[in-house]
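*Asks:* To start, I am sharing the structure in question, which I have written as structure tokens.
FYI, it's all coordinate maths here, none of it is from the lab. No experiment lies behind these values; they were computed from the predicted model shown. Neighbour counts run over all protein chains shown; Cβ positions are idealised from the backbone, glycine included.
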């Protein structure tokens with residue numbers, strides 16, 4: 001690494017920046033990675049993967065960035081050559097992170113930089129972290145340390161903010177793909193994302209940078225804040241158990257363990273839940289820089305390990321869909337369950353019916369319109385809300401009672417509403433609302449038709465027809481049968497003879513008898529029985545009495 005900050009001597013930089021930081025403390029990296037560091041021996045690639053990853057996380061740097069810088073500086077991730085000597089580049093870059101010494105006078109620290117791989121890693125990471133803290137370098141508006149793209153300029157500064165690393169060629173405005181940071185970010189895409197994901201690009205213009213192409217002076221940055229037009233990428237190493245991610249390409253392999261048997265092949269945008277911490281490849285000989293996460297599908301039916309190269313934070317902006325919550329009318333006093341027939345489904349979470357919340361109450365014992373609101377929230381916080389109107393209606397007709405057929409006496413008093421009532425299931429008593437059409441002439445015998453009509457407030461109408469008869473039924477005389485009696489016997493013409501009327505009841509006392517029977521003289525005698533009811537209906541019965 002040709003870092004201009006070190007040109008006056010790496011010792012000075014290390015003294016103020018590194019030797020008082022993590023690189024000087026007893027490192028936890030070997031323990032975290034279960035690595036036994038042997039003198040002049042390079043750890044395996046996956047052990048180195050773990051060391052770089054944990055050093056980056058400890059410094060709050062995306063491991064993708066640190067590993068790409070290490071790859072750019074030392075493609076094989078080796079601190080020592082085959083002879084066991086520290087790797088030193090022609091320009092003086094030392095070890096894995098290629099920190100450059102330019103005349104430092106602390107020999108002990110220099111030796112550690114050469115021979116202590118942990119020290120070399122942590123020194124490089126701390127230098128990179130210090131570049132992020134610089135206030136003269138641009139940042140992405142609203143982005144934090146976890147966003148990979150926000151390390152574009154710190155990575156540039158790690159190598160030097162010289163004209164050679166200008167993001168654009170000054171004369172043409174074309175992208176400078178040979179710039180150090182551009183090569184590092186290309187390596188992130190290739191190694192950490194396996195060319196599956198493209199990082200967001202800064203909207204650079206040539207006016208953003210001032211520099212003299214013929215000078216070794218640093219670039220002056222005229223613009224210190226950028227807003228990306230594309231979505232930035234959080235480090236894939238920050239997922240925790242319970243987080244949700246989604247696959248970034250078609251045919252992503254879910255395996256029983258890293259690099260092993262395929263459990264399932266997943267389509268693009270498949271949602272997964274992280275089940276635990278990431279692990280490294282089981283095969284130490286592999287050069288895979290990514291890690292593996294234990295995951296399961298949202299429905300929990302499929303579990304396995306997925307490469308961090310093929311997952312990203314789940315960004316779900318689609319609201320769940322609530323179905324079945326249509327407005328409807330229901331009968332008065334019926335049974336109503338607000339959730340019956342209502343369902344919720346989400347593009348990621350699937351069935352969310354059980355998570356539906358209902359506000360609003362429907363009183364089926366009270367006619368009217370009620371608003372009921374259904375709300376459901378998916379795991380990503382997208383809220384769906386549907387309002388429905390439930391109308392409680394009354395379709396039950398009122399009941400008219402007492403309007404039965406009736407016979408009344410001639411010239412009697414008659415009120416058609418007497419004894420007639422109306423009652424409604426909702427409105428209660430409607431007797432006063434009864435309307436009667438038709439008349440009854442009590443002075444004239446015959447049958448009259450009356451029509452009773454009543455309507456409730458829901459316009460349910462009931463009509464009842466009633467017949468009123470002015471009495472024309474004659475009384476009935478019983479017992480006045482022809483009879484033979486003995487000569488000189490006793491005979492009373494009223495004995496055993498009765499009269500009954502349909503309205504007046506027993507009218508025997510009103511019987512009138514004409515004619516006489518002489519029991520002392522044999523022969524045939526005729527008696528006439530007459531009775532009249534209050535309606536002036538008259539009955540006449542003749543009876544023959546024979547005396548022998």
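*Asks:* Using only Cα atoms, tell me the angle between helix 63-73 and the longest principal axis of the chain; keep it within 0 to 90° and round to the nearest 10.
*Replies:* With both axes taken from Cα atoms, the answer is about 20 degrees.
*Asks:* I would also like to ask the following. For the peptides 193-200, 458-465, 170-177, what is the packing order when you average, over each peptide's residues, the other Cβ atoms within 10 Å and list the highest mean first?
*Replies:* Final packing ranking: 193-200, 458-465, 170-177.
*Asks:* Same structure again: Cα-based Rg of the range 56-144 per 2.2 N^0.38 Å, rounded to two decimals?
*Replies:* Normalised Rg, Cα atoms only: 1.17.
*Asks:* What's the extension gain from residue 279 to residue 443 if we count 0.36 nm per residue and subtract their Cα-Cα distance?
*Replies:* 48.1 nm
*Asks:* Please work out the Cα center distance from the range 269-305 to the range 362-403, rounded to the nearest Å.
*Replies:* Using only Cα atoms to place each centre, the spacing works out to 48 Å.
*Asks:* Also, I was wondering about something else. Quick one: give the max-minus-min coordinate of the C-alpha atoms of the chain along each principal axis, largest first, in Å.
*Replies:* Between the extreme Cα coordinates on each principal axis of the chain lie 177, 50, 38 Å.
*Asks:* Separate question: Given R₀ = 22 Å, what would the calculated FRET efficiency be for residue 172 paired with residue 207, taking r from the Cβ atoms and rounding to 0.05?
*Replies:* Numbers: r = 14 Å, r/R0 = 0.64.
Between residue 172 and residue 207 the formula returns 0.95.
*Asks:* Just for the Cα atoms in the range 180-221, what are the lengths along the principal axes, largest first, rounded to whole Å?
*Replies:* 37, 21, 12
*Asks:* What FRET efficiency do you get for residue 500 and residue 335 if R0 is 56 Å and r is their Cβ-Cβ distance, rounded to the nearest 0.05?
*Replies:* 0.55
*Asks:* I'd like to compare 276-286, 290-300, 145-155: which one has the highest average count of other Cβ atoms within 10 Å, and what's the full order after that?
*Replies:* Highest-to-lowest ranking by the protection proxy: 145-155, 290-300, 276-286.
*Asks:* If you don't mind, another one. Mind putting together the pair-distance distribution for the range 239-313? All Cα pairs, 5 Å bins, whole percent per bin, short to long.
*Replies:* Percent of pairs per bin, in order: 3, 19, 31, 28, 14, 4, 1, 0.
*Asks:* In whole angstrom, how far apart do the alpha carbon centroids of the range 472-489 and the range 75-150 sit?
*Replies:* Cα centroid to Cα centroid, the span is 142 Å.
*Asks:* I'd like the FRET efficiency for residue 134 and residue 321, computed as 1/(1 + (r/R0)^6) with the beta carbon distance as r and R0 of 56 Å, rounded to 0.05.
*Replies:* 0.70
*Asks:* Can I ask one more? Grab every C-alpha pair in the range 4-226, bin the distances at 10 angstrom width from 0 up to the longest one, and report whole percents.
*Replies:* Pair shares across the bins are 8, 34, 36, 18, 4, 0.
*Asks:* How many nm separate the modelled label positions at residue 111 and residue 433, each set 7 Å beyond the Cα in the direction of the Cβ?
*Replies:* 10.8 nm
*Asks:* Shifting gears a bit: Evaluate the distance, in nm, between pseudo-label points positioned 7 Å from the Cα of residue 473 and of residue 76 along their respective Cα→Cβ axes.
*Replies:* Taking the two extended label points, one gets 12.7 nm.
*Asks:* Hey, how much of the P(r) for the range 99-232 falls beyond 22 Å, as a percent of Cα pairs?
*Replies:* Within the range 99-232, distances greater than 22 Å cover 43 percent of Cα pairs.
*Asks:* Give the span of the range 439-496's Cα atoms along each principal axis, as three whole-Å numbers ordered largest to smallest.
*Replies:* Extents along the principal axes, in whole Å: 80, 23, 13.
*Asks:* Scattering from the C-alpha atoms of the range 394-483 alone, worked out with Debye: what is log10 I(q)/I(0) at q = 0.20, 0.26 1/Å?
*Replies:* Log-scaled intensity ratios, in q order: -0.88, -1.21.
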